[in-house]
Amino acid sequence: MLKATMDYRRLGQAGLRVSALSYGTWVTFAEQGDFDRALQCLDIAGRAGVNLFDTADAYGNGEAERLLGLGFETLGWDRAAYVLATKLFVGTRDCVNMRQTLNRKYLLQGIEDSLQRLRTDFVDLLYCHRPDPHTPLEETVWAMSDIVARGKALYWGTSGWSPAQILEACAIAERHHLRKPTMEQSEYHLLARERIERDGAAIHRDHGIGLTTWSPLASGLLSGKYAGGIPAGSRAAQRGFAWLQPRLCDAADNRRVQRMQAVAQRFGASAAQLAIAWCTCHPAVASVTLGASSPAQLRENLAAIALAPLLDGDTLRELDALFPAGAAASLDTPTNTSTNAPTGAENTGTSTFSPSSFSLK
Ligand code: NDP
């Protein structure tokens, strides 16, 4: 049994330190939502040293934020002790100007709505959940900067933005003496590496942008649970998530995961733990945001923090060979890939670097 000791990392150039493993609420707090289970998971995460919790107005149309806010209140945690992140873009109100946008009217309304659901006066991190090609970037940067200036968020950042979009936002902020984006949240797992290893690492290195990452298990695929088809009650079996099925049941990927399971067994670990530990090994990553639909999954996943220091160069090269960078497509959601929200990573011409090219702590 691996014994976890949490590690805290600076969020890019910011002074803020976040736990290397954070806990997120997509699907599990809303569509699979059950308050008692959510409360138990928050308690387990808190006891394991997780200080960063991630949500979005999009998750369950605000329901995940509502459960998370109620959870913090019920647990009575000191607001200073944890870092709360939410995201805006998708919206919860069905009217013109309030859906799939980063316009000023939505952002100023959206943060008020999120704060009310979260039962707090401020969030620590506020992300623009996707870029919005229909709103001038200058309007978005002004609005996000104003939200920070008003104390409703401490830092703002982006999710699924290209390096060029982030750098343009920084340039606008500098030109007008506004708050610059601090962090980017990108997809990162053994089957989707480019967003962090090519794009994220470059903006982290050259511009100090902090990186948080999502879907370390590729929605559960990297745990090995889809090798024999779709288990009852799993994410792929949820209503509204059939779009994930072809990807999660891909035969070639599931064969690779089975080979990874053999690697994990050498460490007495599960495939899920190895996949999560691998994500934490990238030196540019501040926090890997976990998903878990049960306390048992969360305990298993949190123990990955103890596995990371054991992953030697040979093991990382073995994983590189099994899951080469650039081999597979991402698992972005249909909402996120709508024509309003292009997510394709741009070729910035920057070099790539993977965990195996770095020595580990
Ligand atoms: P994962 O890829 O780790 O998938 C989590 C899911 O996999 C769980 O809900 C569970 O689903 C299954 N699972 C987890 N652990 C195990 C285990 N040990 N054994 C078997 N199955 C397991 O993470 P998420 O996709 O949930 O992403 C994590 C967080 O990142 C989200 O909650 C959200 O906060 C954030 N996120 C951000 C995005 C963005 O656009 N910025 C996009 C997506 C996520 P089940 O039991 O139901 O099968």
How many residues are farther than 27 Å from Ala14 by Cβ, among the β-branched types (Val, Ile, Thr) and part of a loop (DSSP other than H, G, I, E, B) when one looks only at the stretch 74-101? 2
Taking the residues in the stretch 79-100 that are of a type in the set (Val, Ile, Thr) and free of Cβ contacts under 8 Å to residues at least 40 places away in the same chain as candidates, determine which candidate is nearest to Ala153 (Cα to Cα). Thr92
Looking at the stretch 65-75, is at least one residue aromatic (Phe, Trp, Tyr) and closer than 30 Å to Arg198 by Cβ? no
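Name the single residue, out of those in the stretch 264-300 being assigned to a loop (DSSP other than H, G, I, E, B), under 17 Å from the mean Cα position of the chain (by Cα) and among the small types (Gly, Ala, Ser), that is nearest to the ligand (Cβ to nearest atom).
Among those residues, the one meeting the criterion is Gly291.
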Residues that are aliphatic (A, V, I, L, M), in contact (Cβ under 8 Å) with a residue 60 or more places away in the chain and within 29 Å of Ala277 (Cβ to Cβ): does the stretch 170-183 have at least one? yes
Among the numbered conditions (1) within 11 Å of the ligand (Cβ to nearest atom); (2) not polar (S, T, N, Q); (3) not in a helix (DSSP H, G or I), tell me where Gly220 comes up short. (3)
Output yes when any residue across the stretch 64-76 is in contact with a Phe, Trp or Tyr (Cβ under 9 Å, 6 or more places away or on another chain), on the phi > 0 side of the Ramachandran plot and among the β-branched types (Val, Ile, Thr), and no when none is. no
From the list Ala277, Ala292, Ala272, Ala286, pick out the single residue that is surrounded by 20 or more Cβ atoms within 10 Å (Cβ to Cβ) and in contact with a Cys (Cβ under 9 Å, 6 or more places away or on another chain). Ala292
Show the residue pairs meeting these rules: Cβ distance below 9 Å; 6+ apart or different chains; first residue within the stretch 284-306 and farther than 24 Å from Ala237 by Cα; second residue within 6 Å of the ligand (Cβ to nearest atom) and not aliphatic (A, V, I, L, M). Ser287/Asp54; Val288/Trp214; Val288/Pro216; Ala304/Pro216
Among the residues that make up the stretch 58-73, is at least one of them outside any helix (DSSP H, G or I), surrounded by 18 or more Cβ atoms within 10 Å (Cβ to Cβ) and out of contact with any strand residue (DSSP E or B) (no Cβ under 6 Å at 6 or more places or on another chain)? yes
Please verify whether the stretch 246-261 includes one or more residues that are touching a Ser or Thr at 6+ places or on another chain (Cβ under 8 Å) and outside any helix (DSSP H, G or I). no
Qualifying positions in the stretch 153-176 - in a loop (DSSP other than H, G, I, E, B) and more than 21 Å from the chain's Cα centre (by Cα): His176
Which residues, taken from the stretch 223-245, are over 20 Å from Glu300 (Cβ atoms), part of a loop (DSSP other than H, G, I, E, B) and more than 10 Å from the ligand (Cβ to nearest atom)? Gly229, Arg239, Gly240
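Quick note: the coordinates plus some simple rules give every number you see, no bench work behind them. What you are looking at is a predicted structure, and each value in this text was computed from that prediction instead of being measured. So basically every Cβ, Gly included, is an ideal-geometry build from the backbone, and we count neighbours across all protein chains shown.
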